[in-house]
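Enquirer: Okay, here's the structure, questions in a sec.
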């Protein structure tokens, strides 16, 4: 079987439609369909079936797509082994981060990698309104994700997950708030407060649910905002309290104070997500290793 056809099948498993595969691989949809039909003839069994207006993989198609991933990993390992004998890690590595991770990690990361010969790191920031950071691994070499831990969907996709750092989450209050004098807050302290929340089912929203359960109350959420900077401004102006990350919240002389909360596990895990074939590239490994070092340095400096 042709490796390039196997890669198209794998992309179909990742992206879900012929149109998306064509766009990602710079082909026409008809060219993708033709190559998949050739692969199906080579396999001798149906690999796709009609589903609504589109198609989906059959059981045999899913099994072969898994094999395609294993082939891709093997090829990348062979290429990376040879590169280690012949050259330094080089080329372009694409990295995407959410806003606060970028604030914490990018300055030091880019400084460390600035002297790596032949290596270019192309960074982009992502909209925080995402159902799953794993979706971004289709289009970026390295994805920095924000979650309470390793999510089941990451393992189901076979992604390489590299823990970077844990960051505490605190309760943000206006500096003249009745609770600002307390060093630590309990869930019951927060029963009668108005909250500036985040979009439903985001990690901070799930944490607020835990605080509600522990405190025995139902939170009064006046707004749902995905941008931490806007949340800080609203809290400072007295429009409510909020959950915010400790290391990047600007709580000095801006009308805002932060306090830890007891009785509930309040931290987030930053994790690098990489597709397994890309994870064996020397250039990608170099970037992920530098991300780990910068994460450890930053967390130690702010602990």
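What follows draws every value from the coordinates through simple rules; no lab data is involved. Source: prediction; values computed, not measured. With ideal geometry, Cβ positions are generated from the backbone for all residues, glycine too; neighbour counts draw on all protein chains shown.
Enquirer: By how many degrees, 0 to 90 and rounded to 10, does the Cα axis of helix 203-215 deviate from the longest principal axis of the chain?
Expert: Helix 203-215 and the main axis of the chain meet at about 40 degrees.
Enquirer: Give the angle, between 0 and 90 degrees and rounded to the nearest 10, that separates the Cα long axis of helix 282-302 from the longest principal axis of the Cα atoms of the chain.
Expert: 10
Enquirer: Could you compute the FRET efficiency for residue 62 and residue 178, with r as their C-beta to C-beta distance and R0 at 45 Å, rounded to 0.05? Spell out each step's value before the answer.
Expert: Working: r = 57 Å, r/R0 = 1.26.
Between residue 62 and residue 178 the formula returns 0.20.
Enquirer: What is the angle, in °, between the Cα long axis of helix 3-15 and the longest principal axis of the Cα atoms in the chain? Nearest 10 is fine, range 0 to 90.
Expert: Helix 3-15 sits roughly 30 degrees off the main axis of the chain.
Enquirer: Once both labels are modelled 7 Å past Cα along the beta-carbon direction, what's the residue 45-residue 217 spacing in nm?
Expert: According to this spin-label approximation, the distance is 5.8 nm.
Enquirer: Also, quick follow-up: What share of the DSSP beta bridges in the chain is antiparallel, in percent to the nearest 5? Could the numbers behind the result be given before it?
Expert: Numbers: 25 of 40 bridges.
The antiparallel proportion sits near 60 percent.
Enquirer: What spacing in nm lies between the two simple spin-label points modelled at residue 192 and residue 227, each 7 Å away from Cα in the Cβ direction?
Expert: 3.4
Enquirer: Among 195-208, 45-58, how do they line up by average Cβ neighbours within 10 Å per residue, starting with the highest? Intermediate results must be reported in sequence, preceding the final value.
Expert: On the way: 195-208: 17.4, 45-58: 13.4.
Highest mean packing first, the order is 195-208, 45-58.
Enquirer: Give me the number: length gained by fully extending residue 210 to residue 53, i.e. 0.36 nm times residue separation minus the C-alpha to C-alpha distance, one decimal in nm. If you can, show how the numbers build up before the last one.
Expert: Details: separation 157, 0.36 × 157 = 56.52 nm, distance 4.06 nm.
Result: 52.5 nm gained on full extension.
Enquirer: Okay, moving on. May I ask you to derive the FRET efficiency for residue 26 and residue 267 from their Cβ-Cβ distance with R0 = 41 Å, giving the value to the nearest 0.05?
Expert: Working: r = 41 Å, r/R0 = 1.01.
That pair, residue 26 with residue 267, gives E of 0.50.
Enquirer: Say R0 is 22 Å: what FRET efficiency, to the nearest 0.05, do residue 4 and residue 81 get from their beta-carbon distance?
Expert: Working: r = 21 Å, r/R0 = 0.98.
The pair residue 4/residue 81 has a calculated efficiency of 0.55.
Enquirer: Okay, next question. With springs only between Cα atoms under 10 Å apart, run a GNM on the chain and tell me which of 26, 220, 176 wobbles the most.
Expert: Of the options given, 26 has the highest mean-square fluctuation.
Enquirer: At 222 nm, what helix-only mean residue ellipticity would the chain give, in deg cm²/dmol to the nearest 500, using -39500 (n - 2.57) for each DSSP H run of four or more?
Expert: -13500 deg cm²/dmol, from helical runs alone.
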